[in-house]
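Quick notes on the structure that follows.
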Amino acid sequence: MGFFFRKLSPENRIGFGKPRKKVRKIEDCSRSRMIEIVLWHHLNDREQKEDGASLTTSGGNGYYVLQWAALNNVPDIAQYLIEHGGNVNAIDNNKQTALHWAAVRGSIAVADVLLRNGTRVEATDINGYRAVHVAAQYGQMAFLNHIVAKYHADYDAPDNDGRCPLQLAAYKRFADTIRLLLFRDASQGRQDKEGCTPLHWAAIRGNAEACTVLVHAGTKQELVVKDKAGFTPVQLAYDKV
């Protein structure tokens, strides 16, 4: 889908990746397609259209109509799909559920529909991302706080690379999301598989606000922790000057 981020290698820390270009155009077209399919099924009371599109099965690209409903935050359509057999825990080719897609846009209303109907709040995709990781990467602070407060999502869970939402928010430079996670008592000293803490990632991006928030909330120890390449956050920040 292109919503999520490519792996970092120790040799090349150029970022978690970027969304594909022209995503807006693709999403808008797919939203129209989603509504068309829903209305067609409502009027014809069948399970499949002639081209094989279905309310309960994925298309040729592996995506479900429910995922598009989640991305575009249309809870009424999401509810309709679920009532007509849509699987709230269905996964696409990247093992992403509709809740992952809801997290991209901060679609709280759809998230409530999904979670009330049995979506697993801790479902992971091929990168080990849960909805909390996705929300952190996109700066969807309200969504993140909502699923933590109401559905007890684990805000400190690591992904496959050992990165928690705080590390992802630090890299993506979302200072308010960082503040929320620190308020929730997320671990500031956690090191990922590269040995990087949230402060390392903020320093790598050279983001003064993110670094300031983390330093003020932390201890001197975080300033001198070395990653696996032997660098402290202070050294990484100095390289950006």
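FYI, it's all coordinate maths here, none of it is from the lab. Everything quoted here is computed from the prediction, not taken from an experiment. Backbone-built Cβ (ideal geometry, glycine too); neighbour counts: all protein chains shown.
Below, the figures for the structure above:
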| quantity | calculated |
| --- | --- |
| In sequence order, calculated HN-Hα J values of segment 153-165 (Karplus, 6.51, -1.76, 1.60; Hz; x Gly/Pro) | 4, 7, 7, 10, 6, x, 8, 5, 9, x, 9, 8, x |
| Length added when fully stretched, residue 212-residue 142, from 0.36 nm per residue minus Cα-Cα | 23.0 nm |
| Gyration tensor (alpha-carbon) shape descriptor, segment 121-241, a/c threshold 1.5 | prolate |
| Percent RCO, i.e. relative contact order, over segment 107-182, from Cα pairs under 8 Å lying at least 6 residues apart | 29 |
| R0 of 30 Å, Cβ-Cβ distance residue 149-residue 84: FRET efficiency to nearest 0.05 | 0.45 |
| Computed lengthening from residue 176 to residue 219, 0.36 nm per intervening residue step minus Cα-Cα distance | 13.5 nm |
| Qualifying trypsin sites (Lys or Arg not before Pro) in segment 57-152, DSSP loop, other Cβ atoms within 10 Å at most 15 | 95, 120 |
| Per-residue HN-Hα couplings for segment 96-113 [Karplus 6.51, -1.76, 1.60; θ = phi - 60°; Hz; x = Gly/Pro] | 8, 9, 4, 5, 4, 5, 4, 5, 4, 9, x, 7, 5, 4, 5, 4, 4, 4 |
| DSSP-loop trypsin sites (Lys or Arg not before Pro) across segment 192-241, with at most 10 other Cβ within 10 angstrom | 220 |
| Centre separation in Å (Cα based) which lies between segment 79-114 and segment 187-220 | 32 |
| Additional length obtainable on full extension of the chain from residue 190 to residue 126, 0.36 nm per residue less Cα span | 20.9 nm |
